[in-house]
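One structure below.
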Amino acid sequence: MHIDVSADMIRSTNGSANPAAYESYLKGLGYAERYDTPGNLDLAINALNSAVTTDPQFALGFAELGEAYRLKNSMDPNLKWLEEASANCSHALQLNDRLAAAYVTLGRVHAATGKLDLALGEYQHALQLEPHNADAVMGEGNVYQRMGRIADAEAAIKKGVALRPDYWDGYNTLGQFYDAQHRYDDAIAQYQHAAQLTPDNAIVYINLAAAYLDRSAPSDGPLAEAALKKSIQLGPSYPAYANLALLYMNEKRYAESVTMSQKALQFNDKNYLVWANLMSAYELLGQKDDAKPARGHAIALLEEQLKADPQDATSQASLAALYAEDGQRDKALTRLQAALVRSPDDSNILELAGETYENLGDRRQALDYIERALRKGYSLDDLKSNPDLQNLLSDPNFRPNGKK
């Protein structure tokens, strides 16, 4: 039976009284739900722009337009997308200050720029308005994770998944959480669930491959390569090529690694990790002259990234390691201290500290930090795959169990 939708019915759901605007909004929402598909975010932005142009009083349209720009930044990092996201959500709240979706996106914008307390406040405001808002709950979980409140983070993210059990990105987010906690089997299970929900999802296959790479079991290399090639088949992207580059480097396929990094950079040359991987592959091929400009690009991008989010300890520590390799001791130690103050017990930060001191020629400090990283859960297999640490690992003073 066909049911006519009245303007009052649409308004009761925070929709536009203009049916054409609401139809454009629904199209935009559908595209944004599958932001993993190449081109969908641009289609979402166009549709949502059409919605708010047709109805300039459409608050929810402005809020979702802000979220589409926020997603655009997650796929193509650029501060201008975050500025667009913030401006559209602020305008939405001028039209309707009880719109939970706008507070959620503002929370995500604050989180992306390292303003965790502000982000948490926006998510909590959204939950006061809509206690079962899955996006706000998941946002809280992500902030708790970055604050080191790991048990709270897991509980919140799992609650968010339960509130939207049919949405692929919830399982994707939970997988990312488990991967960061070195719970690789759990991460893989979540990514596989997301892939079952959306078998044409290129992003999920990239993350599944990353979990295989992190787990580093004997059979994981071929599984990771197959997942990345599946992702590229669905939609070529710089993360897929970048992860293939890392996989090939770990397998000592250095020339193939260079080729994959170069393909990644054709899609996006603004990610320092791709430049750092290219630098490492060139160094392992003995091509020092090619490695140096790649390192310079990585350093410049990290410096720019830290202007936007100076609280990012991983970026601070990564920059320290690059400065050390470049022979800039003072800058390396300054950045390393900034990282250690923020995350003194993070195994990844401690490993980067060891790498920094090794590159600076201070073996005693390098051993101390590497052993501390192992005690905090860093993988010995990951250390063995790091070309910068091979001499340290063969040092008779190195204690593989990380114990004094």
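The values are calculated or read from the model by the stated rules, or taken from the named source; none is laboratory data. What you are looking at is a predicted structure, and each value in this text was computed from that prediction instead of being measured. Glycine also receives a Cβ, built like all others from the backbone with ideal geometry; neighbour counts cover every protein chain displayed.
Let's see how each residue does on (1) touching a Cys at 6+ places or on another chain (Cβ under 9 Å); (2) in contact (Cβ under 8 Å) with a residue 24 or more places away in the chain; (3) surrounded by 22 or more Cβ atoms within 10 Å (Cβ to Cβ); (4) assigned to a helix (DSSP H, G or I):
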residue: LEU246; (1), (2), (3), (4): no, yes, yes, yes
residue: ALA255; (1), (2), (3), (4): no, yes, no, yes
residue: GLN305; (1), (2), (3), (4): no, yes, no, yes
residue: LEU319; (1), (2), (3), (4): no, no, yes, yes
Here the residues within segment 189-205 that are at pLDDT 95 or above, crowded, with 23+ Cβ neighbours inside 10 Å and not polar (S, T, N, Q) are TYR191, ALA194, VAL204, TYR205
Please state which of the following conditions LYS115 fails to meet, knowing it meets all the rest: (1) of a type outside the set (Ser, Thr, Tyr); (2) closer than 30 Å to ASN348 by Cβ; (3) surrounded by 23 or more Cβ atoms within 10 Å (Cβ to Cβ).
-> (3)
Give the residues of segment 350-391 that are in contact with a helix residue (DSSP H, G or I) (Cβ under 6 Å, 6 or more places away or on another chain), buried (at least 16 other Cβ atoms within 10 Å of the Cβ) and in contact (Cβ under 8 Å) with a residue 40 or more places away in the chain, sorted by residue number.
-> SER385, ASP388
Unique match (being under 27 Å from SER379 (Cβ atoms) and either surrounded by fewer than 16 Cβ atoms within 10 Å (Cβ to Cβ) or outside the structural domain of PRO344 (by TED's automatic domain parsing) (or both)) among ARG183, ARG164, ARG108 | ARG183
Is one or more of the residues making up segment 214-235 part of a helix (DSSP H, G or I) and within 22 Å of SER318 (Cα to Cα)?
-> yes
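I need a count of the residues in segment 342-397 that are of a type outside the set (A, V, I, L, M, F, W, C), assigned to a helix (DSSP H, G or I) and under 29 Å from the mean Cα position of the chain (by Cα).
Summing the residues that are of a type outside the set (A, V, I, L, M, F, W, C), assigned to a helix (DSSP H, G or I) and under 29 Å from the mean Cα position of the chain (by Cα) in segment 342-397 gives 20.
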